[in-house]
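Worksheet: one structure, shown below.
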Amino acid sequence: MFYQRLGKIPPKRHTQFRQPDNNLYREEVVSSRGFSGIYSIQYHINPPTRIKSVGKAEKYGPKVLNEYGLKHIHLNTSGVKTTGDDYLSSRKVLLANSDCAISICAPQRRQMHYFYKNAEGDEVVFVHDGRGSLISPFGKLDFRKGDYVVIPRTVIYKLEFDEGPVRLLIIESASPVETVKRYRNELGQLLEHAPYCERDIRPPHELITETGKAEHIIKIKKEGFLHHYHYDHSPLDLVGWDGFLWPYAFSIHDFEPITGRIHQPPPVHQTFQGHNYVICSFVPRLFDYHPLSIPAPYNHSNIDSDEVLYYAEGNFMSRKGIERGSFTLHPGGLPHGPHPGTVEKSIGAKATEELAVMIDTFRPLHPTEDAMEFVDKNYPMSWSEGGESFNEVNAP
Ligand SMILES: [Fe+2]
(Lines give C-alpha, C1' and ligand atoms only; values in the text may rest on other atoms or scores of the structure.)
Protein backbone atom coordinates (compact mmCIF):
# COMPACT_ATOMS: atom_id res chain seq x y z
CA MET A 1 0.00 0.00 0.00
CA PHE A 2 1.02 3.62 0.04
CA TYR A 3 0.95 6.54 2.45
CA GLN A 4 -2.33 8.42 2.98
CA ARG A 5 -3.61 11.03 5.41
CA LEU A 6 -7.00 12.53 6.08
CA GLY A 7 -8.06 15.27 8.53
CA LYS A 8 -5.83 16.91 11.15
CA ILE A 9 -2.70 15.29 12.58
CA PRO A 10 0.16 16.78 14.62
CA PRO A 11 3.46 17.48 12.83
CA LYS A 12 5.26 14.85 14.90
CA ARG A 13 3.91 11.47 16.07
CA HIS A 14 3.56 10.69 19.80
CA THR A 15 3.56 14.38 20.76
CA GLN A 16 0.96 16.62 22.40
CA PHE A 17 -2.01 17.30 20.14
CA ARG A 18 -4.79 19.17 21.91
CA GLN A 19 -8.52 19.60 21.41
CA PRO A 20 -10.10 23.10 21.56
CA ASP A 21 -10.93 22.45 25.28
CA ASN A 22 -7.22 21.68 25.91
CA ASN A 23 -7.78 17.94 26.41
CA LEU A 24 -5.38 15.76 24.47
CA TYR A 25 -6.60 13.94 21.39
CA ARG A 26 -6.21 10.19 22.01
CA GLU A 27 -3.60 8.68 19.75
CA GLU A 28 -4.05 5.05 18.61
CA VAL A 29 -1.44 3.15 16.59
CA VAL A 30 -3.14 0.46 14.49
CA SER A 31 -0.34 -1.90 13.49
CA SER A 32 0.06 -5.22 11.69
CA ARG A 33 2.53 -8.10 12.15
CA GLY A 34 3.22 -6.79 15.62
CA PHE A 35 5.14 -3.60 14.90
CA SER A 36 6.81 -4.98 11.74
CA GLY A 37 4.03 -4.55 9.17
CA ILE A 38 2.09 -1.60 7.79
CA TYR A 39 0.36 0.69 10.29
CA SER A 40 -1.71 3.83 10.66
CA ILE A 41 -2.01 6.35 13.49
CA GLN A 42 -5.46 7.63 14.46
CA TYR A 43 -6.40 10.67 16.57
CA HIS A 44 -9.62 10.20 18.56
CA ILE A 45 -11.67 12.65 20.57
CA ASN A 46 -12.45 9.89 23.10
CA PRO A 47 -10.22 7.11 24.42
CA PRO A 48 -10.82 4.12 22.11
CA THR A 49 -10.42 1.89 25.16
CA ARG A 50 -13.46 3.30 27.01
CA ILE A 51 -16.28 0.75 26.99
CA LYS A 52 -19.78 1.31 28.39
CA SER A 53 -20.61 -2.37 28.72
CA VAL A 54 -19.90 -5.76 27.23
CA GLY A 55 -23.03 -7.50 25.99
CA LYS A 56 -23.73 -11.00 24.87
CA ALA A 57 -21.56 -13.23 22.72
CA GLU A 58 -23.59 -14.60 19.84
CA LYS A 59 -22.55 -17.81 18.10
CA TYR A 60 -21.62 -16.96 14.52
CA GLY A 61 -20.04 -19.11 11.85
CA PRO A 62 -20.59 -21.82 9.27
CA LYS A 63 -21.06 -25.56 9.71
CA VAL A 64 -18.34 -26.96 7.47
CA LEU A 65 -18.90 -30.40 5.91
CA ASN A 66 -15.45 -31.96 6.10
CA GLU A 67 -16.57 -35.28 4.65
CA TYR A 68 -18.42 -34.14 1.55
CA GLY A 69 -16.15 -36.20 -0.67
CA LEU A 70 -14.10 -35.62 -3.80
CA LYS A 71 -16.46 -34.12 -6.39
CA HIS A 72 -16.57 -31.19 -8.77
CA ILE A 73 -19.11 -28.83 -7.24
CA HIS A 74 -21.45 -26.35 -8.91
CA LEU A 75 -23.37 -24.10 -6.52
CA ASN A 76 -26.01 -22.23 -8.46
CA THR A 77 -27.03 -19.17 -6.48
CA SER A 78 -28.45 -17.35 -9.52
CA GLY A 79 -32.06 -17.55 -8.30
CA VAL A 80 -31.35 -16.14 -4.86
CA LYS A 81 -33.16 -12.87 -4.16
CA THR A 82 -32.00 -12.49 -0.58
CA THR A 83 -29.97 -14.51 1.90
CA GLY A 84 -31.21 -12.74 5.04
CA ASP A 85 -32.11 -9.57 6.82
CA ASP A 86 -28.98 -7.50 7.29
CA TYR A 87 -25.29 -7.53 6.39
CA LEU A 88 -24.18 -9.97 9.08
CA SER A 89 -27.20 -12.27 9.22
CA SER A 90 -27.23 -12.62 5.44
CA ARG A 91 -23.56 -13.57 5.04
CA LYS A 92 -23.68 -17.26 4.11
CA VAL A 93 -20.34 -19.03 3.99
CA LEU A 94 -20.49 -21.62 1.18
CA LEU A 95 -16.88 -22.84 0.95
CA ALA A 96 -14.17 -22.66 3.58
CA ASN A 97 -10.83 -23.85 4.82
CA SER A 98 -8.49 -22.51 7.49
CA ASP A 99 -7.04 -19.86 5.12
CA CYS A 100 -10.22 -18.36 3.69
CA ALA A 101 -14.01 -18.50 3.73
CA ILE A 102 -16.12 -17.66 0.69
CA SER A 103 -19.62 -16.28 1.23
CA ILE A 104 -22.52 -14.80 -0.62
CA CYS A 105 -24.46 -12.00 0.99
CA ALA A 106 -27.70 -10.53 -0.32
CA PRO A 107 -29.16 -8.49 2.54
CA GLN A 108 -32.70 -7.15 2.41
CA ARG A 109 -31.88 -4.22 4.68
CA ARG A 110 -29.79 -1.45 3.15
CA GLN A 111 -28.60 0.16 6.41
CA MET A 112 -26.86 -1.27 9.48
CA HIS A 113 -27.85 -0.05 12.95
CA TYR A 114 -24.54 -1.22 14.43
CA PHE A 115 -20.87 -1.33 13.51
CA TYR A 116 -18.95 -4.50 12.76
CA LYS A 117 -15.34 -5.44 13.29
CA ASN A 118 -13.69 -8.62 12.06
CA ALA A 119 -10.96 -9.16 14.64
CA GLU A 120 -9.50 -12.26 13.01
CA GLY A 121 -9.58 -11.75 9.26
CA ASP A 122 -9.20 -9.29 6.42
CA GLU A 123 -12.26 -9.09 4.21
CA VAL A 124 -12.61 -8.63 0.46
CA VAL A 125 -16.16 -7.66 -0.49
CA PHE A 126 -16.82 -7.99 -4.22
CA VAL A 127 -19.85 -5.89 -5.11
CA HIS A 128 -21.75 -7.90 -7.70
CA ASP A 129 -24.92 -5.80 -7.40
CA GLY A 130 -25.56 -2.63 -5.44
CA ARG A 131 -23.96 0.70 -4.70
CA GLY A 132 -23.19 2.47 -1.45
CA SER A 133 -20.54 3.49 1.04
CA LEU A 134 -18.28 1.88 3.57
CA ILE A 135 -18.32 4.03 6.69
CA SER A 136 -15.34 3.60 9.00
CA PRO A 137 -13.14 5.70 11.31
CA PHE A 138 -10.88 6.13 8.26
CA GLY A 139 -13.72 7.97 6.51
CA LYS A 140 -16.32 7.39 3.86
CA LEU A 141 -15.43 5.16 0.93
CA ASP A 142 -17.94 4.95 -1.91
CA PHE A 143 -18.29 1.70 -3.81
CA ARG A 144 -20.23 0.54 -6.81
CA LYS A 145 -20.91 -2.56 -8.84
CA GLY A 146 -17.68 -4.34 -9.79
CA ASP A 147 -15.63 -3.03 -6.88
CA TYR A 148 -13.50 -5.10 -4.59
CA VAL A 149 -13.65 -3.43 -1.18
CA VAL A 150 -10.65 -4.57 0.86
CA ILE A 151 -11.04 -4.15 4.62
CA PRO A 152 -8.09 -4.96 6.90
CA ARG A 153 -8.90 -6.79 10.12
CA THR A 154 -9.98 -4.71 13.13
CA VAL A 155 -11.29 -1.86 10.96
CA ILE A 156 -14.63 -0.92 12.53
CA TYR A 157 -17.16 -0.43 9.74
CA LYS A 158 -20.67 -0.51 8.43
CA LEU A 159 -21.97 -0.67 4.90
CA GLU A 160 -24.76 1.61 3.69
CA PHE A 161 -26.39 0.78 0.38
CA ASP A 162 -28.02 3.46 -1.77
CA GLU A 163 -29.67 1.09 -4.14
CA GLY A 164 -30.65 -2.56 -4.45
CA PRO A 165 -30.79 -5.37 -4.99
CA VAL A 166 -27.55 -6.04 -3.15
CA ARG A 167 -25.44 -9.06 -3.96
CA LEU A 168 -21.95 -9.47 -2.54
CA LEU A 169 -19.25 -12.10 -2.77
CA ILE A 170 -17.19 -11.97 0.42
CA ILE A 171 -13.79 -13.56 0.93
CA GLU A 172 -12.66 -13.63 4.53
CA SER A 173 -8.93 -14.13 4.86
CA ALA A 174 -6.99 -15.48 7.83
CA SER A 175 -3.86 -13.75 6.47
CA PRO A 176 -3.44 -10.17 5.21
CA VAL A 177 -4.85 -9.50 1.73
CA GLU A 178 -2.13 -7.89 -0.35
CA THR A 179 -1.43 -6.75 -3.88
CA VAL A 180 0.60 -9.27 -5.88
CA LYS A 181 4.21 -9.38 -4.73
CA ARG A 182 5.74 -9.98 -8.18
CA TYR A 183 4.11 -6.76 -9.37
CA ARG A 184 5.80 -4.64 -6.67
CA ASN A 185 9.31 -3.22 -6.63
CA GLU A 186 11.51 -3.49 -3.56
CA LEU A 187 9.96 -0.32 -2.08
CA GLY A 188 6.40 -1.52 -2.67
CA GLN A 189 5.45 0.52 -5.73
CA LEU A 190 3.44 -1.31 -8.38
CA LEU A 191 5.59 -1.99 -11.44
CA GLU A 192 4.96 -0.96 -15.04
CA HIS A 193 3.85 -4.46 -16.09
CA ALA A 194 1.31 -4.80 -13.27
CA PRO A 195 -2.30 -5.02 -14.51
CA TYR A 196 -3.26 -2.12 -12.21
CA CYS A 197 -1.51 0.73 -10.42
CA GLU A 198 -1.89 2.97 -7.39
CA ARG A 199 -4.21 5.33 -9.31
CA ASP A 200 -6.77 2.52 -9.46
CA ILE A 201 -6.77 2.06 -5.68
CA ARG A 202 -9.35 4.31 -4.00
CA PRO A 203 -8.79 5.17 -0.32
CA PRO A 204 -11.48 6.66 1.99
CA HIS A 205 -12.17 10.16 0.72
CA GLU A 206 -14.16 11.95 3.41
CA LEU A 207 -13.55 11.88 7.15
CA ILE A 208 -16.71 11.71 9.27
CA THR A 209 -16.25 13.11 12.80
CA GLU A 210 -19.07 12.48 15.28
CA THR A 211 -18.50 14.34 18.55
CA GLY A 212 -21.69 13.74 20.54
CA LYS A 213 -22.53 11.17 23.21
CA ALA A 214 -24.76 8.35 22.04
CA GLU A 215 -24.79 4.61 22.51
CA HIS A 216 -23.12 2.61 19.77
CA ILE A 217 -22.76 -1.15 19.39
CA ILE A 218 -19.80 -2.78 17.73
CA LYS A 219 -20.21 -6.47 16.92
CA ILE A 220 -16.73 -7.99 17.01
CA LYS A 221 -16.19 -11.29 15.21
CA LYS A 222 -13.69 -13.59 16.85
CA GLU A 223 -13.36 -17.36 17.17
CA GLY A 224 -16.90 -18.35 16.19
CA PHE A 225 -18.74 -15.58 18.03
CA LEU A 226 -19.96 -12.03 17.57
CA HIS A 227 -19.09 -10.17 20.76
CA HIS A 228 -21.36 -7.19 21.39
CA TYR A 229 -19.45 -4.20 22.73
CA HIS A 230 -21.32 -1.06 23.82
CA TYR A 231 -19.79 2.42 23.78
CA ASP A 232 -21.15 5.82 24.85
CA HIS A 233 -19.47 7.55 21.93
CA SER A 234 -19.26 7.01 18.21
CA PRO A 235 -16.33 5.02 16.77
CA LEU A 236 -16.31 7.76 14.13
CA ASP A 237 -14.65 10.21 16.54
CA LEU A 238 -11.40 10.76 14.63
CA VAL A 239 -10.12 14.19 13.67
CA GLY A 240 -7.39 12.70 11.52
CA TRP A 241 -5.21 9.72 10.66
CA ASP A 242 -2.23 8.85 8.52
CA GLY A 243 -0.35 5.74 7.46
CA PHE A 244 -0.41 2.76 5.14
CA LEU A 245 -3.18 0.65 6.69
CA TRP A 246 -6.69 1.61 5.52
CA PRO A 247 -9.64 0.11 3.68
CA TYR A 248 -9.77 0.70 -0.06
CA ALA A 249 -11.77 -0.02 -3.19
CA PHE A 250 -10.49 -1.34 -6.50
CA SER A 251 -12.78 -1.89 -9.46
CA ILE A 252 -12.53 -5.14 -11.39
CA HIS A 253 -13.15 -2.90 -14.45
CA ASP A 254 -9.79 -1.21 -13.76
CA PHE A 255 -7.94 -4.52 -14.04
CA GLU A 256 -6.10 -4.42 -17.39
CA PRO A 257 -6.03 -7.93 -18.85
CA ILE A 258 -2.78 -9.47 -20.03
CA THR A 259 -3.30 -11.31 -23.32
CA GLY A 260 -1.08 -13.24 -25.72
CA ARG A 261 -0.79 -15.17 -28.98
CA ILE A 262 -1.69 -18.41 -27.23
CA HIS A 263 -3.75 -19.17 -24.13
CA GLN A 264 -2.47 -17.35 -21.05
CA PRO A 265 -2.48 -19.26 -17.75
CA PRO A 266 -4.57 -18.11 -14.77
CA PRO A 267 -1.71 -16.29 -12.95
CA VAL A 268 -2.02 -13.43 -15.49
CA HIS A 269 -5.41 -12.74 -13.91
CA GLN A 270 -4.07 -12.57 -10.35
CA THR A 271 -5.28 -9.50 -8.47
CA PHE A 272 -4.60 -10.18 -4.78
CA GLN A 273 -2.63 -12.62 -2.69
CA GLY A 274 -3.13 -14.11 0.73
CA HIS A 275 -1.25 -16.89 2.51
CA ASN A 276 -2.03 -20.16 0.70
CA TYR A 277 -4.50 -18.67 -1.77
CA VAL A 278 -4.89 -16.10 -4.56
CA ILE A 279 -7.75 -14.00 -5.93
CA CYS A 280 -7.91 -13.50 -9.72
CA SER A 281 -10.10 -11.37 -12.00
CA PHE A 282 -11.30 -12.64 -15.39
CA VAL A 283 -12.32 -9.54 -17.31
CA PRO A 284 -13.50 -8.71 -20.85
CA ARG A 285 -10.50 -9.11 -23.16
CA LEU A 286 -9.31 -10.00 -26.63
CA PHE A 287 -8.65 -13.67 -27.21
CA ASP A 288 -5.38 -15.26 -28.29
CA TYR A 289 -4.20 -14.21 -31.75
CA HIS A 290 -1.95 -17.05 -32.96
CA PRO A 291 -3.50 -18.27 -36.28
CA LEU A 292 -4.05 -21.74 -34.77
CA SER A 293 -4.92 -20.63 -31.25
CA ILE A 294 -7.68 -22.25 -29.21
CA PRO A 295 -9.39 -19.63 -27.04
CA ALA A 296 -11.09 -22.16 -24.72
CA PRO A 297 -8.91 -23.29 -21.81
CA TYR A 298 -7.14 -26.64 -21.91
CA ASN A 299 -7.90 -29.54 -19.60
CA HIS A 300 -6.12 -28.98 -16.37
CA SER A 301 -4.98 -31.10 -13.43
CA ASN A 302 -4.13 -28.97 -10.46
CA ILE A 303 -2.18 -31.34 -8.30
CA ASP A 304 -1.98 -29.15 -5.23
CA SER A 305 -4.81 -26.62 -5.30
CA ASP A 306 -8.57 -26.20 -5.34
CA GLU A 307 -10.07 -23.74 -7.82
CA VAL A 308 -13.21 -21.72 -7.26
CA LEU A 309 -14.78 -19.55 -9.93
CA TYR A 310 -17.59 -17.11 -9.25
CA TYR A 311 -19.30 -16.20 -12.50
CA ALA A 312 -20.32 -12.54 -12.41
CA GLU A 313 -21.26 -11.49 -15.96
CA GLY A 314 -21.09 -12.63 -19.57
CA ASN A 315 -21.20 -15.87 -21.46
CA PHE A 316 -18.91 -18.58 -20.10
CA MET A 317 -18.02 -20.40 -23.25
CA SER A 318 -16.25 -23.36 -21.68
CA ARG A 319 -19.09 -24.17 -19.28
CA LYS A 320 -22.62 -25.37 -19.85
CA GLY A 321 -25.36 -24.79 -17.28
CA ILE A 322 -23.43 -22.02 -15.56
CA GLU A 323 -25.38 -18.90 -14.71
CA ARG A 324 -24.77 -15.44 -13.32
CA GLY A 325 -24.05 -16.11 -9.65
CA SER A 326 -22.80 -19.69 -10.09
CA PHE A 327 -19.82 -20.99 -8.15
CA THR A 328 -17.76 -23.92 -9.37
CA LEU A 329 -15.20 -25.73 -7.25
CA HIS A 330 -12.75 -27.94 -9.11
CA PRO A 331 -10.78 -29.71 -6.41
CA GLY A 332 -7.21 -30.86 -6.64
CA GLY A 333 -6.99 -34.54 -7.53
CA LEU A 334 -9.45 -34.39 -10.43
CA PRO A 335 -8.81 -32.94 -13.90
CA HIS A 336 -11.23 -30.31 -15.12
CA GLY A 337 -11.70 -28.62 -18.46
CA PRO A 338 -14.08 -27.32 -21.08
CA HIS A 339 -17.44 -29.01 -21.48
CA PRO A 340 -17.96 -31.23 -24.57
CA GLY A 341 -18.25 -29.27 -27.81
CA THR A 342 -17.05 -25.98 -26.37
CA VAL A 343 -13.43 -26.24 -27.55
CA GLU A 344 -14.23 -26.44 -31.30
CA LYS A 345 -16.90 -23.79 -30.83
CA SER A 346 -14.39 -21.39 -29.33
CA ILE A 347 -12.04 -21.44 -32.35
CA GLY A 348 -12.16 -18.16 -34.23
CA ALA A 349 -13.72 -16.19 -31.34
CA LYS A 350 -12.06 -12.80 -31.07
CA ALA A 351 -13.03 -11.57 -27.64
CA THR A 352 -14.92 -12.39 -24.47
CA GLU A 353 -17.17 -10.28 -22.28
CA GLU A 354 -16.88 -12.66 -19.33
CA LEU A 355 -16.40 -11.31 -15.83
CA ALA A 356 -15.48 -13.72 -13.05
CA VAL A 357 -13.64 -13.87 -9.76
CA MET A 358 -11.42 -16.87 -9.09
CA ILE A 359 -10.11 -18.02 -5.74
CA ASP A 360 -7.40 -20.70 -5.86
CA THR A 361 -6.43 -22.27 -2.57
CA PHE A 362 -3.51 -24.53 -1.73
CA ARG A 363 -5.44 -26.29 1.02
CA PRO A 364 -8.69 -28.15 0.24
CA LEU A 365 -11.92 -26.19 0.48
CA HIS A 366 -14.99 -27.74 2.04
CA PRO A 367 -18.62 -26.88 1.38
CA THR A 368 -20.85 -25.83 4.26
CA GLU A 369 -24.36 -26.81 5.28
CA ASP A 370 -25.61 -23.52 3.83
CA ALA A 371 -24.10 -24.50 0.45
CA MET A 372 -26.19 -27.66 0.15
CA GLU A 373 -29.37 -25.93 -1.09
CA PHE A 374 -27.42 -24.63 -4.11
CA VAL A 375 -25.74 -27.89 -5.20
CA ASP A 376 -26.28 -28.86 -8.85
CA LYS A 377 -26.27 -32.64 -8.45
CA ASN A 378 -25.62 -33.30 -12.15
CA TYR A 379 -22.44 -31.24 -12.32
CA PRO A 380 -19.90 -34.02 -11.59
CA MET A 381 -21.25 -35.88 -14.68
CA SER A 382 -21.55 -32.80 -16.89
CA TRP A 383 -18.45 -33.65 -18.98
CA SER A 384 -19.95 -37.01 -20.04
CA GLU A 385 -22.12 -36.58 -23.12
CA GLY A 386 -25.40 -38.36 -22.44
CA GLY A 387 -23.75 -39.65 -19.29
CA GLU A 388 -25.33 -41.40 -16.38
CA SER A 389 -26.21 -39.68 -13.17
CA PHE A 390 -23.70 -39.37 -10.41
CA ASN A 391 -23.92 -42.35 -8.11
CA GLU A 392 -24.03 -40.98 -4.60
CA VAL A 393 -23.78 -44.51 -3.17
CA ASN A 394 -20.27 -44.82 -4.49
CA ALA A 395 -19.30 -41.36 -3.36
CA PRO A 396 -17.28 -41.34 -0.17
FE1 LIG B 1 -7.87 -24.84 -13.72
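Annotation for the stretch 210-287: trypsin sites (Lys or Arg not before Pro) lying in DSSP loop with at most 14 further Cβ atoms inside 10 Å of their Cβ are ARG261. The Cα atoms of the stretch 132-291 define a convex hull whose projected area, averaged across directions, is 12.2 nm². Rolling a 1.4 Å probe across the protein heavy atoms gives the chain an accessible surface of 48 Å² per residue. The Kirkwood hydrodynamic radius of the chain, based on inverse pair distances between different Cα atoms, is 22.6 Å.
By the equivalent-ellipsoid construction on the alpha carbon gyration tensor, the stretch 34-174 comes out with semi-axes of 27, 20, 16 Å, ordered largest to smallest. Sites listed here are chymotrypsin sites (Phe, Trp or Tyr not before Pro) in the stretch 10-86 whose DSSP assignment is loop and whose Cβ has at most 15 other Cβ atoms within 10 Å: PHE35. Remark: the THR15-GLU206 segment gains 66.3 nm on full extension, using 0.36 nm per residue and subtracting the alpha carbon distance. Using θ = phi - 60° in the Karplus curve 6.51 cos²θ - 1.76 cosθ + 1.60, the 3J(HN,Hα) couplings for the stretch 144-151 round to 9, 3, x, 7, 8, 10, 9, 10 Hz; x is entered for Gly and Pro.
Longest segment of the chain with no GluC sites (Glu not before Pro) in a DSSP loop having at most 11 other Cβ atoms within 10 Å? Counting at most 11 other Cβ atoms within 10 Å as exposed, the longest clean stretch of the chain is 224-352.
In loop segments of the stretch 60-145 as defined by DSSP, the trypsin sites (Lys or Arg not before Pro) with at most 13 further C-beta atoms inside 10 Å of their C-beta are LYS63, LYS81. The Rg/Rh ratio of the stretch 1-90, with both radii computed over alpha carbons and Rh defined as the Kirkwood radius, is 1.18.
Using the Cβ-Cβ distance between ARG50 and ASP162 with R0 set to 22 Å, the FRET efficiency from 1/(1 + (r/R0)^6) comes to roughly 0.10.
Its relative contact order, with pairs defined as Cα atoms under 8 Å and 6+ residues apart, puts the chain at 21 percent. Extension gain, VAL29-SER98: 0.36 nm per intervening residue step, less the Cα-Cα distance, totals 22.0 nm. Relative contact order, whole percent, for the stretch 85-128 stands at 35, derived from Cα pairs under 8 Å and 6 or more residues apart. Stretching PHE225 away from ARG5 to a fully extended chain increases their span by 75.9 nm, per 0.36 nm per residue minus the current alpha-carbon distance.
The values are calculated or read from the model by the stated rules, or taken from the named source; none is laboratory data. Nothing here was measured: the structure is a model prediction, and the numbers come from that model. Positions of Cβ are generated from backbone atoms using ideal geometry, with glycine treated the same way; all protein chains shown enter the neighbour counts. With ligands, DNA and RNA removed, areas are computed over all heavy atoms of the protein, side chains included. Shrake-Rupley method; radii C 1.70, N 1.55, O 1.52, S 1.80 Å.
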